Amino acid sequence: MKSENVEQLVKTPFWNSFQVGQEINSKMIEFAGANVSAALNFVVKLSSVRSPVDFTDVVASHARDNFKLLTEEIDQISTIIRNSSTGEKSAGRPLGS
């Protein structure tokens with residue numbers, strides 16, 4: 001491809017959508033890792049439960065942490081989509097920061 005053709009391709013809406021799709025895809029992979037880690041931590045904590053009170057504490061803590069993680073994930077995807085409409089690059093902050 002000639003360099004002018006590449007420059008023209010980069011300016012197209014298709015290219016922007018492609019880049020946004022790649023960014024969302026890599027975020028989803030990051031989210032999957034964070035979610036698997038949270039699930040494994042939950043199992044480890046659950047295995048140490050010795051009473052009904054411990055059980056409710058572990059479940060409540062996991063639910064609270066999971067909701068916080070989900071909120072961060074939604075916020076990051078929303079930021080990527082919002083920035084794509086303005087042409088900005090997202091900050092690319094890691095999950096949980």
For the range 28-68: rounded, prolate or oblate by the Cα gyration tensor [a/c cutoff 1.5]: oblate
Gain in span if fully extended, residue 18 to residue 81, counting 0.36 nm per residue against the direct Cα distance: 21.5 nm
Stretchable slack from residue 55 to residue 74, in nm (0.36 nm times residue separation minus alpha-carbon distance): 4.0 nm
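Every number in this text was worked out from the coordinates using simple rules, so none of it is lab data. For clarity, every value in this text was computed on a predicted model and none was experimentally measured.
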